[in-house]
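Working notes, structure below.
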Amino acid sequence: MKFPQKKGVSRRSAIQSVLGIAGMSTMVLPESSYASSPGQFRDYSKVKITKLETFLVKPRWIFLKIHTDVGIVGLGEPLLEGRALTIQTAIKEVEPYLIGKDPRAVVHHWQAIYRHAFYRGGPILTSALSGIDHALWDIKGKLLNVPVYELFGGPTRDRVRVYGRASNAEDMKKRKAEGYTVIKTGVAKKNPANIVENPKFIKYAIDNFASLREAGGDDMDIAIDFHGAIPPQTSKLLIKELEPYKPMFVEEPVQAQNVDILADIARGTHLPIAAGERIFTKWGFRELLEKRAVSIVQPDLCHAGGITEGRIIAAMAEAYYVPVAPHNPMGPISLAAGLHLAASVPNFLVQEQVSLGDGYIKNPFKLQSDGTVLIPKGPGLGIELDEAQMKDKIGHDWKNPESYNALDGSVVDW
C-alpha cells in the first residue's frame, strides 16, 4: 500500500493520516516503527552481502562485520573461548556461501549453513553460525529502521535485569552499592575439587557463600556457579549445605555431557538448577527439558545458534514453565543480542554480562539504579563500535586455563 504524500508532508504524518482515515486517529505508532524520512529514503529492494570480516578483540573475543553493497554493516560475536583462530577459519569457510546473497533471509541462511555442513552441531559450527546470525539480524533491523525485537512482535519489557559478580563479602558490598540486585559467585576453594571431598572443603565453600548472603541481605539474589568443575559426588554435598542460604540458582552442578546425572541432581534438591552454556541448538536443549534436568535454561547466544535459535529454545522452555537466563561472559555485541532476546520473549529471568561496552561501543549500556539495563532503541542491535577506543584492543592470544590436581598432577576441570 502506498501512503499518499504531499509536498512538505512527512512520511510519519502520512502514516498517521491513513490511520486516521481508518478510524484510529488517536493512535500513535511507537517511535521505532517509523521508517526513514523521505529525504533519507533509499531503495533497498536488492541487497547483497559483499564481505565477512573478523578481528580478535581483547580480552578474548571475536567481532564480526558483515558488509553489504548498500553500505549497511551488521555486527556479530562468533566466539568460542580459546579457539579464536579456529572460529575465524570457520567463518572464512562459510563466507563463499553468503557472498552475493540477500542478508534478509536470516532463517533460510541459518538452515543452509547448519544443515549443509552434513556433520551437524558442535561448538565450532554453532559458534560461527551464532555470530553470523547476530550480524544478519542487525542488518535486517537497520534496513527496516527498527530494533531487532520489533521484528519478533515488539518488546515484552522495557528493561532487562543483569547481574554482576562477587567472590567475597567485600565484592558483594561494592556490587550492591553499584546498584546490582543480582550477583553470581563461584564455589570458593583453595584447590580443585576431588571426586569426593572432605568436610573442610565443604565448610570453606559454604562459609564463603554464607558471608555473601550476610553482606548482600535477604533482598539480594545470589546465584552460584559450579562451572561443571565439581564431581557429582561432591556437588550433591555442596547443594545440600547451600539450601538454608537459598541461592537464586545453582549453575552447572556437573558437566553437561550426561544429562541423566544432571537430572538426578535436580531431583535431589528444591533449589533451581541452571545449565545450558555448553549445550547447542534446540536439539541439545530438548533433552535438558524433557528429562527435567534444569529449571532454568542458559543458552549462550554466541554458541547455541544466535538469536534465531535462542528464541526457539526460549519458546520450548516456556512450555515447561522454565525461564531463560542467557549465558554471556563475552563482549557488548553478545550483550546486545541477549537484550534483544530478553525483550522479545515472555519467560526471561536475568542476563549475564561482564562488559557494558565501555571502550568498545559508542553509547555504552548503563546500569540503572534498579539493577537493570534499558533495552536498545536504535535500529538493528542498536549499537555502534567505537573504532577509535578499540584501537589498543585489537588482537589477543587468550588460551584456556590448564588446571591440574595439586596432589598427583592429574587433569582437572577449570
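The values are calculated or read from the model by the stated rules, or taken from the named source; none is laboratory data. Keep in mind that what you see is a predicted model, and the values were worked out from it rather than measured. Virtual Cβ from ideal backbone geometry, glycine too; neighbours counted across all protein chains shown. Keep in mind that these areas ignore ligands, DNA and RNA; they rest on the heavy atoms of the full protein, side chains included. Shrake-Rupley method; radii C 1.70, N 1.55, O 1.52, S 1.80 Å.
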For this session: Please enumerate the residues belonging to region 137-172 that are under 30 Å from ASP225 (Cα atoms), open to solvent by 30 Å² or more (accessible area, probe 1.4 Å) and under 19 Å from the mean Cα position of the chain (by Cα).
Result: PRO155, THR156, ARG157, ASP158, ARG159, ARG161, ARG165
Problem set entry | Residue identified as at pLDDT 95 or above and touching a helix residue (DSSP H, G or I) at 6+ places or on another chain (Cβ under 8 Å) among VAL160, VAL196 | VAL160
Exercise. Hey, among the residues in region 173-189 that are in contact with an Asp or Glu (Cβ under 8 Å, 6 or more places away or on another chain) and under 16 Å from GLN351 (Cα atoms), which one's surrounded by the fewest Cβ atoms within 10 Å (Cβ to Cβ)?
Worked result: GLY179
For this session: Provide a single number: the residues in region 114-136 that are charged (D, E, K, R) and either open to solvent by 50 Å² or more (accessible area, probe 1.4 Å) or closer than 30 Å to SER369 by Cβ (or both).
Result: 2
For this session: Please enumerate the residues belonging to region 206-223 that are of a type in the set (A, V, I, L, M), part of a helix (DSSP H, G or I) and within 28 Å of the chain's Cα centre (by Cα).
Result: LEU212
For this session: Go through ASP300, ASP386 for me and flag whichever is at pLDDT 95 or above, open to solvent by less than 60 Å² (accessible area, probe 1.4 Å), more than 22 Å from ARG161 (Cβ to Cβ) and touching a strand residue (DSSP E or B) at 6+ places or on another chain (Cβ under 6 Å).
Result: ASP386
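Yes/no per residue for (1) open to solvent by less than 20 Å² (accessible area, probe 1.4 Å); (2) more than 24 Å from ILE87 (Cα to Cα); (3) small (Gly, Ala, Ser):
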position	(1), (2), (3)
ALA315	no, yes, yes
ILE361	yes, no, no
PRO364	no, yes, no
PRO376	yes, yes, no
ILE394	no, no, no
ASP397	no, no, no
For this session: Please tell me if LEU125 is under 24 Å from LYS282 (Cα atoms), among the aliphatic types (A, V, I, L, M), over 23 Å from the mean Cα position of the chain (by Cα) and modelled with pLDDT of 95 or more.
Result: no
Problem set entry | Matching residues in region 196-228 - criterion: being within 18 Å of ILE261 (Cβ to Cβ) and open to solvent by 20 Å² or more (accessible area, probe 1.4 Å) | VAL196, GLU197, ASP225, HIS227
Exercise. Listed residues LYS236, LYS246, LYS282, LYS240; which is at pLDDT 95 or above and on the phi > 0 side of the Ramachandran plot?
Worked result: LYS246
Problem set entry | Which numbered condition LYS184 misses (of (1) in a loop (DSSP other than H, G, I, E, B); (2) within 21 Å of LEU335 (Cβ to Cβ)) | (1)
Problem set entry | Residues of region 303-313 satisfying the condition of being among the charged types (D, E, K, R) and buried (at least 24 other Cβ atoms within 10 Å of the Cβ) | GLU309
Exercise. Only one residue in ILE265, ILE239, ILE230, ILE261 is under 28 Å from TYR404 (Cα atoms) and in a loop (DSSP other than H, G, I, E, B). Which one?
Worked result: ILE230
Exercise. Which residues, counting only those in region 268-283, are part of a loop (DSSP other than H, G, I, E, B) and in contact (Cβ under 8 Å) with a residue 40 or more places away in the chain?
Worked result: GLY276, GLU277, ARG278, PHE280
Exercise. Tally time: how many residues in region 234-291 are acidic (Asp, Glu) and either in contact with a strand residue (DSSP E or B) (Cβ under 6 Å, 6 or more places away or on another chain) or open to solvent by 70 Å² or more (accessible area, probe 1.4 Å) (or both)?
Worked result: 6
